[in-house]
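The values are calculated or read from the model by the stated rules, or taken from the named source; none is laboratory data. None of these values were measured; they are calculated from a predicted model. All Cβ positions, even for glycine, are placed from backbone atoms using ideal geometry, and neighbour counts span all protein chains on display. When the accessible area is computed, the model is the full protein with side chains, heavy atoms only, and any ligands, DNA or RNA have been set aside. Shrake-Rupley method; radii C 1.70, N 1.55, O 1.52, S 1.80 Å.
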Amino acid sequence: MSGLPEEHLRYPFRRYGMDHDRYDWSILPRRKPVRWPADARVALWITVSLQWFPIDMKGKPFKPPGAMQTAYPDLRHYTLRDYGNRVGIWRIFRLFDGLGIRASAAVNGAVAARHPSLVQACEQRGWEIIAHGQDMDHLHYEGLPVEQERAQIATTLACLRRAAKGPIRGWLSPAKSQSGATLDLIAEAGLEYCCDWVNDDMPYPMRTKAGPITAMPHPSDIEDYFILVQNHLSEDDFTHALTDHFDLLWEEAATQGGRIMAISLHPWVIGQPYRISTLEKALRHILSRRGVWAATGAEILDAWKAGQ
Amino acid sequence: MPWRDPGYYDWLPYNETRPRITWPNGARVAFWVAPNIEFYELDPPRNPARAAWARPHPDVLAYSYRDYGNRVGFWRMLEVMDRCGVRGSVSLNVAMCEHHPEIIEECAKRGWEFYSHGTYNTRYLFGMSEEQEREVIRDSIETIRKHTGQKLDGWLAPALTYTERTLDLVAEMGLTYVCDLFHDDQPSPVKTRTGTLVSIPYSLEMNDTIAYNVNQVGPRAYGEILRRQFDRLYEEGAESGTVMCIPLHPYLIGWPYRLKAFEEALRYITSHDKVWLATGREIAQHFIAHHLEAFKAASVPVGEAP
């Protein structure tokens, strides 16, 4: 047998650090400790994704989490996703208003175009709007012509800016899917931070052709969809995941400097009547501790940058 | 002709016909923790039998999810193991020695063992020629010796990928134990062309990847699984020594929401007095020195399937 082509035993990037140049290798506990405003121990950063899944999804190059599943027309999944924007988000608003939490809403451009008042409802509460691509069927991937990808980003930002008053500084790709050029293009479009990479609990600098951009921690694990839908765990498991996660970060922050508790939510998942209280329980636990700073992504970014 | 049975072991059921295993100091369970310290490449050459990533290149989500283990998760896992007084037996993608020597240094400082888990977790053995596979094993032996001074004794194939020759070559090149076979809760002889090779129980069931990514259990349930596994092996270990392994991945166990339940389970296990906190190498050496011949003698050939 002839074996594999020779390249399988060649390692052109076997070297110190990473096997690419987007960011440097860095060890979390060996970094300069971070100080948050008022010496908070944990910055609580919640992102709520406001998404539109078109019913004629092409799923190119793959179907994102939450995509249509039956043959066309999949009324069932289409309307349940839409439930998040009509109903679920309003339960979240009520909960967060009561707790004094301002979140970052990651909004598809199409959602801003279809429901501008939803964007305004976020901003009236002091929430931040960040860009979440055009819609859930416009993924960013290698093979998408660069001009098309650039246009998708421009369309997204134009839709958001028409509906929003505040600046758009952050980016979350639909399904966290990127092409090799996405980081370059979003930096070129003036965005300052990106939420796609899940390799850190804290911000870190990334390189792009248009200058540096900051990677903000936006875990795929501490997420309602991952825990409740993908892993089929219980509502109590979700509460425990949030409180256990927070407790460890809070303890760690006592000796290692400020930490970020980043929670990613989807109103069509967590906004169900039987689930919303599990989120409330966890948030009350978190907010009962001293030294918790509930902030938006942009506020956390600014505080982090000021200390670098 | 492809195998119908890999033929690595004879028949020796888990009953009274099996020779009794004794561990040092009368321990009932030889307990070892095997952190998989891995490097996944963003854009490896594509093995014809398996793609490295589910999504098209660049699979930012899956790649960065694993990178979390080295930047963040490893360091938290290390603290937990220190607090519980447990040494690791590192299942090492040896290219980690070049990429992240700081991690290797911390493990070496604590007297942890290094065994090979291939070069990268994105380079698979499927389809390799004999010479290519030898080259991979040689690379592992040399890289581990160069960076840690240790002789390579153990093997867990990268991403559990194999050829029909893998275990023969591993034995021929002087390694003494493998973690690739899941047929037993005690060590057992492995039949290879040459050399002396034993299988040390590793466990997919206790593996955090299987628990979290395949069986999709929650962290507290994982802690309960570990405790129940231990309780039964500790009970059975009164009759004949058993082995319990917890294979870990820092990119999974190192998440804040998973650590506490793991630490509680580890504390529970290590609080028992008849537990031998061992490394893979120590278990293999003890078994080879004291029990291998008796196990071979008690084994009987497997009959021919029709």
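With an 8 Å Cα cut-off and a minimum separation of 6 or more residues, compute the relative contact order for chain A in percent.
Details: 546 pairs, mean separation 81.5, N = 308.
Taking the mean separation of contacting Cα pairs over the length of chain A, I get 26 percent.
Does any residue of the stretch B:38-52 lose at least 50 Å² of accessible area with all protein chains in place compared with its chain alone, and if so which ones (probe 1.4 Å)?
Checking the loss per residue gives B:P45.
What is the calculated FRET efficiency for A:R31 to B:E304, with r their C-beta to C-beta distance and R₀ = 51 Å, to the nearest 0.05?
Numbers: r = 62 Å, r/R0 = 1.21.
Calculated value: 0.25.
Mind listing the long-range amide H neighbours of A:A106? Cut-off is under 5 Å, sequence gap 5 or more, other chains count too, H placed in the peptide plane at 1.01 Å from N.
Amide H to amide H, under 5 Å and 5 or more residues apart or across chains, A:A106 pairs with A:V48, A:S49, A:L50, A:I130.
What average number of partner chain Cβ atoms lie no more than 10 Å from the Cβ of the residues making up B:185-195? Could you put the intermediate results ahead of the total?
On the way: counts 0, 0, 0, 0, 0, 0, 0, 0, 0, 0, 0.
So the per-residue partner count for this stretch is 0.
Past the 31 Å Cα-Cα mark, which pairs from B:K151/B:K191; A:K32/B:K151; B:K274/B:K296; A:K176/B:K260; B:K151/B:K296; A:K32/A:K63?
Numbers: B:K151/B:K191 22 Å; A:K32/B:K151 37 Å; B:K274/B:K296 27 Å; A:K176/B:K260 28 Å; B:K151/B:K296 26 Å; A:K32/A:K63 40 Å.
The pairs that break the limit, which is 31 Å between Cα atoms, are A:K32/B:K151; A:K32/A:K63.
Using square roots of five times the C-alpha gyration tensor eigenvalues, list the equivalent-ellipsoid semi-axes of the stretch A:35-306 in whole Å, biggest first.
Rounded to whole Å, the semi-axes are 27, 23, 17.
Which order do the peptides A:129-139, A:219-229 take when ranked by the mean count of other beta-carbon atoms within 10 Å per residue, highest first? Provide the component values of the computation, followed by the final result.
Working: A:129-139: 25.5, A:219-229: 21.2.
In decreasing order of mean packing, A:129-139, A:219-229 become A:129-139, A:219-229.
Modelling each spin label as a point 7 Å along the Cα-to-Cβ direction, I'd like the A:D39/B:A297 distance in nm, to one decimal.
Spacing of the two 7 Å Cα→Cβ label points: 7.1 nm.
Which of the peptides B:169-182, A:270-283 is most tightly packed, and how do the rest follow, going by the mean number of other Cβ atoms within 10 Å of each residue? Provide the component values of the computation, followed by the final result.
Working: B:169-182: 20.6, A:270-283: 18.3.
Per-residue Cβ counts within 10 Å, averaged per peptide and sorted highest first, yield B:169-182, A:270-283.
Take each of the peptides A:146-157, B:219-230, average the number of other beta-carbon atoms within 10 Å over its residues, and list them starting from the highest. List each step's numbers first, then the result.
Values: A:146-157: 17.2, B:219-230: 18.9.
Descending packing order for the listed peptides: B:219-230, A:146-157.
Could you give the radius of gyration (one decimal) and Dmax (whole number) of the Cα atoms in the protein assembly as shown, in Å?
Every Cα atom of the protein assembly as shown included, Rg and Dmax give 25.9, 81 Å.
Give me a single rounded figure for A:19-29: the average over its residues of other chain Cβ atoms within 10 Å of their Cβ.
5
Can you give me the relative contact order of the stretch B:24-298 as a percent, contacts being Cα pairs under 8 Å and 6 or more apart? Don't jump to the answer; show the numbers that get you there.
Details: 489 pairs, mean separation 78.4, N = 275.
Relative CO of the stretch B:24-298 lands at 29 percent.
Residues of the stretch A:139-260: accessible area per residue at 1.4 Å, in Å²?
Computed with neighbouring chains in place, this is 33 Å² per residue.
Inside 10 Å of the C-beta atoms of A:135-147, what's the mean count of C-beta atoms belonging to other chains? Could you put the intermediate results ahead of the total?
Values: counts 0, 0, 0, 0, 2, 1, 5, 5, 2, 0, 0, 0, 0.
Mean partner-chain Cβ count within 10 Å for A:135-147: 1.
Rounded to the nearest percent, how much of the accessible area of the stretch B:24-298 (1.4 Å probe, protein heavy atoms only) is carbon and sulfur? All intermediate terms of the calculation are to be shown ahead of the outcome.
Working: 4400 of 9070 Å².
With neighbouring chains kept in place, the figure for the stretch B:24-298 is 49 percent.
Starting from the 7 Å offset along Cα-to-Cβ, what nm value, one decimal, do you get for the label separation of B:F182 and A:R10?
About 3.6 nm, to one decimal.
Which GluC sites (Glu not before Pro) from the stretch B:233-299 combine a DSSP loop assignment with at most 16 other Cβ atoms within 10 Å?
For GluC sites (Glu not before Pro) across the stretch B:233-299 that sit outside H, G, I, E and B with at most 16 neighbouring Cβ atoms in 10 Å, the list reads B:E239.
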